[in-house]
Amino acid sequence: MARLRRFLPSLNALVAFEAAVRCGTFSKAAKELGVTSPAVSRMIGRLELHLDLQLFRRTPSGVVLTEEGDRLFASVSGSFNNIERTIVELVDRKRMARRPIVLSVSAAFATHWFLPRLARFQARFPGEEIQFQLINGSLEGAVDGADIAMRFDPGPTKDFEIFPLMRELLLPVCAAHYEGARGIAGALIPAAARMITLSGSPVHWATVFASEDDRPATTEMLFTDYSLVIQAALVGQGIAVGWFNVISSLLARTALVPARPEIVATKRRCDLVLRKRPHPAVVNEICHWIAEEYRSDASLIADRHPDLSAALLAELPAIITQEFHYLPA
């Protein structure tokens, strides 16, 4: 390599020579290299001068390779092809090793919880890519092809590891500008309020947040997708039942506010599930990051809504307080 460097004015000259022969003309080589035709001609001229060899023979119809030029091109072209092949293989191998992390979650979680903090995720895990496997309906069912799955009451199994997050936490939420947004604890939701509910949900606002006795009639807006329930609340259409695992960041940023200072913890749990198999270390780190984000949201909400503070802080210990380790990759 030391002798080669003495023979060449620069590696750029060799690159220009190879491109000129392969492309057929100096102008096409210049276009590929992003320089001018005279620049390619000058580099090749310096190479010929440095080697004291004529690589091209100038003719009225253009330039053609000399015997020396033909032998040099065969060697250079083969070497460049080998270098290119090796680099492509190395890059592809690295790309395959760093495949996307598949996250199986609801569309509402992906839209209202994860995407707003995507920049924080990228800063924490530079180069990592998330691929969503979106679940329609309730967060239940099999965990197929996912690295991390969010599920309600996943239950113990020999095939999966459970990363504990929190109990199912519910509270009525609305936009701050919604009329009569704030109520008092224990009070019925006002009769004038429009309730935004999820069609077919096992949890209903009427049974969770108020007694059925002498309940005043309210209007109701039904959606089959929870993302639409939250979006309707965000634009001030009414009061929605908020699942904390979806709306925590919206409450922390005050995009939504509690319609009544009350949190209900059900008997169900919302946890992360992973198949028992070797995982990249980053999978474990992402689970801990999700838990940290929930803790941060809960602290902000408790500061901004003191009347919720006691209920939230009572649940904080349940939001990932234990170490959890997966099998190494």
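Residues that are of a type in the set (D, E) and either under 16 Å from N12 (Cβ atoms) or over 53 Å from the mean Cα position of the chain (by Cα) (or both) within the stretch 39-89 comprise E48, D52, E67, E68, listed in sequence order. Scoring A252 on the criteria (1) within 13 Å of V173 (Cβ to Cβ); (2) modelled with pLDDT under 90 leaves a single failure, condition (2). Counted as qualifying within the stretch 221-307 are the helices (runs of 4 or more DSSP H) with 2 or more residues that are free of Cβ contacts under 8 Å to residues at least 40 places away in the same chain, namely 226-234, 281-304. For the condition at pLDDT below 85, open to solvent by 30 Å² or more (accessible area, probe 1.4 Å) and of a type in the set (D, E), D307 qualifies.
The values are calculated or read from the model by the stated rules, or taken from the named source; none is laboratory data. What you see is a predicted model, and the numbers here were worked out from it, not measured in a lab. FYI the Cβ positions are ideal-geometry reconstructions off the backbone, even for glycines, and counts take in every protein chain you see. Heads up: the accessible areas ignore ligands, DNA and RNA and are worked out on the full protein's heavy atoms, side chains in. Shrake-Rupley method; radii C 1.70, N 1.55, O 1.52, S 1.80 Å.
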